[in-house]
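The structure appears below as structure tokens.
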Amino acid sequence: MAKTVSDILNVIRENGIKMVDFKMVDINGQYRHVTIPAENFSEETMKSGIGFDASNYGYAVVEKSDMVFIPDLDTAVIDPFCEIPTLSMTGNAMIIDTPANRPLPQYPRNIIKSAVEELKASGVADTMLILPEFEFYLFDNVSWNVGGNYIGSSVDAKQSYWNSAEEGLGVIVPKQKNYHIAKPFDVSYECRSEMCMLMKDAGIEINYHHPEVAASGQFEIEPQLGEVVHMADATMMIKYIIHNTALKYGKTATFMPKPVYGEAGSGMHVHMLLMKDGKPVFSDDNGYAHLSETAHYFMGGLLKHIASLCAITNPSTNSFKRLVPGFEAPVTVGYATSNRSAVIRIPAYAKSPDKRRFELRNPDATCNPYFCYAAILMAGLDGVKNKIDPHANGWGPYDVNLYTLPEEEKAKLKGLPTSLEAALDALEADHDYLTAGGVFPEILIKNFIKNKRAEVGEINKIPHPAEFEKYYNL
């Protein structure tokens, strides 16, 4: 049931709330926030909103940057990390117009809502359910410096194999042997359990948490399937909870795709399925892997546009250090059942009709989740509209280990982009599927590409420590 201002005022009164915090999202998918005293929250807040400068969020030019934030009351939760009792909520950015405000088309939350409306208008389905898997590292220490006389970074996890020569209790995890490892080696169990309990308090149901492959502090938390707009909001809140709970335990969390050389990278695999009138659209007992023709067309759209999608789903230079062979990361444009080397994997364990689905394995959590999920939906819809058959296009199914194919067979496979620059080139050339129905404004795509190209150019100018090893004495 939708919350009203009266409901929020009751929560404020019953919980002794002193502050109301409004969390907004910038173009990179990072929270920004504005806080008001609780006594200032009223019906007028919902009409007039909270003013902010959208140009500082990456959305608008300075001359037209005055926007207002209108909170979504249904997202209200008590923030567990504020000492002063604080009620937190997210919402939507609006352009100041007369007689009424209208949604800012570039704002991430407006884009995912617009993509869902496009789904409904297509007649294909009325609901998209997704399940993002959150892989991340927990370090005991991190430091970095980029200067004229020093360029470097260091991380430490006390249980990591590289600490085996240090004096201690011998609780050391061998390299790449952390998967599902139990106590005493699982040193952050209580920290992650608290994360999951806080997520549940925030209305996010959790399937499980566990240690991931990398010995230097890699873990995973998996929520349950949820409606795509709710899960975009939940993605932001999950990251917020993970970062802040880690600090409470004296640790630091990162969603960097590849923070440790030689160890497994962290992705954000996105499971997905469509529903119409409460019935599964992707299920077919007679289809490959029990998936329907619509599901295959949806996969076809994702595979056709995967290079340009990577600019949105993997928008950091570090993202492409993860997308390399040998670490269960996808590198091949294709689909298969239970195969982690293809970019689309169909989980064999999802057997009931309402759970039959597939996962896109390339995304990582450096993305803006609203852009990421909306782009995935729009690419899949394009595949359904244009009946893009992944098998007819030679994208599988690949029911073999693609890493171990003979070189002549590997040469026939199409790979993902190998750099952010290449992904941005693909997005520049292929984005009509995103602008369909006005879901992604052209100005946003151009601005996104411009910002990311500047980011790539800046990083490309910085000497890398490994370059000294390779070239210093030549």
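Hydrophobic (A, V, I, L, M, F, W, C), modelled with pLDDT of 95 or more and surrounded by fewer than 20 Cβ atoms within 10 Å (Cβ to Cβ): does that describe Leu273? Let's see the steps before the verdict.
Working: hydrophobic (A, V, I, L, M, F, W, C): yes; modelled with pLDDT of 95 or more: yes; surrounded by fewer than 20 Cβ atoms within 10 Å (Cβ to Cβ): no.
In short, no.
For segment 11-22, state whether one or more residues are under 17 Å from Met94 (Cβ atoms) and not small (Gly, Ala, Ser). So that I can check it myself, show each step before the final result.
Taking segment 11-22 first, the residues under 17 Å from Met94 (Cβ atoms) are 22.
Among the residues that remain, those that are also not small (Gly, Ala, Ser) are: 22.
Within segment 11-22, one or more residues are under 17 Å from Met94 (Cβ atoms) and not small (Gly, Ala, Ser).
How about segment 315-343: which of its residues are at pLDDT below 85, among the hydrophobic types (A, V, I, L, M, F, W, C) and under 14 Å from Lys414 (Cβ atoms)?
Across segment 315-343, the qualifying residue is only Val331.
Name the one entry in Val333, Val343 that is assigned by TED's automatic domain parsing to the domain that holds Lys414, touching a Lys or Arg at 6+ places or on another chain (Cβ under 8 Å), under 24 Å from Pro259 (Cα atoms) and of a type in the set (Val, Ile, Thr).
Details: Val333 fails: under 24 Å from Pro259 (Cα atoms).
Exactly one of Val333, Val343 is assigned by TED's automatic domain parsing to the domain that holds Lys414, touching a Lys or Arg at 6+ places or on another chain (Cβ under 8 Å), under 24 Å from Pro259 (Cα atoms) and of a type in the set (Val, Ile, Thr), namely Val343.
Somewhere in segment 69-77, is a residue surrounded by 12 or more Cβ atoms within 10 Å (Cβ to Cβ), farther than 23 Å from Pro315 by Cα, among the hydroxyl-bearing types (Ser, Thr, Tyr) and in contact (Cβ under 8 Å) with a residue 60 or more places away in the chain?
Among the residues of segment 69-77, at least one is surrounded by 12 or more Cβ atoms within 10 Å (Cβ to Cβ), farther than 23 Å from Pro315 by Cα, among the hydroxyl-bearing types (Ser, Thr, Tyr) and in contact (Cβ under 8 Å) with a residue 60 or more places away in the chain, which makes the answer yes.
Hey, does segment 94-105 have a residue that's touching a residue at least 40 places away in the same chain (Cβ under 8 Å) and outside any loop (DSSP other than H, G, I, E, B)?
yes
Do any strands (runs of 3 or more DSSP E) lying entirely in segment 114-164 carry at least 1 residues that are under 30 Å from Asp354 (Cβ atoms), and which ones are they?
On the way: elements: 127-132, 134-139, 141-146, 151-156.
In segment 114-164, 127-132, 134-139 are the strands (runs of 3 or more DSSP E) which contain 1 or more residues that are under 30 Å from Asp354 (Cβ atoms).
Given the conditions (1) among the charged types (D, E, K, R); (2) touching a Lys or Arg at 6+ places or on another chain (Cβ under 9 Å); (3) closer than 21 Å to Thr245 by Cα; (4) without any contact (Cβ under 8 Å) to a residue 60 or more places away in the chain, and given that Asp140 satisfies all but one, which numbered condition is not satisfied?
With (1) among the charged types (D, E, K, R); (2) touching a Lys or Arg at 6+ places or on another chain (Cβ under 9 Å); (3) closer than 21 Å to Thr245 by Cα; (4) without any contact (Cβ under 8 Å) to a residue 60 or more places away in the chain applied to Asp140, the lone miss is (4).
Out of the residues in segment 210-227 that are buried (at least 24 other Cβ atoms within 10 Å of the Cβ) and aliphatic (A, V, I, L, M), which is farthest from Arg109 (Cα to Cα)?
Residue satisfying both the conditions and the ranking: Ala215.
Do we find a residue being assigned to a loop (DSSP other than H, G, I, E, B), hydroxyl-bearing (Ser, Thr, Tyr) and touching a residue at least 24 places away in the same chain (Cβ under 8 Å) anywhere in segment 312-334?
Yes - at least one qualifying residue is present in segment 312-334.
The values are calculated or read from the model by the stated rules, or taken from the named source; none is laboratory data. None of these values were measured; they are calculated from a predicted model. No Cβ is skipped: glycine too gets one built from the backbone with ideal geometry, and neighbour counts run over all protein chains shown.
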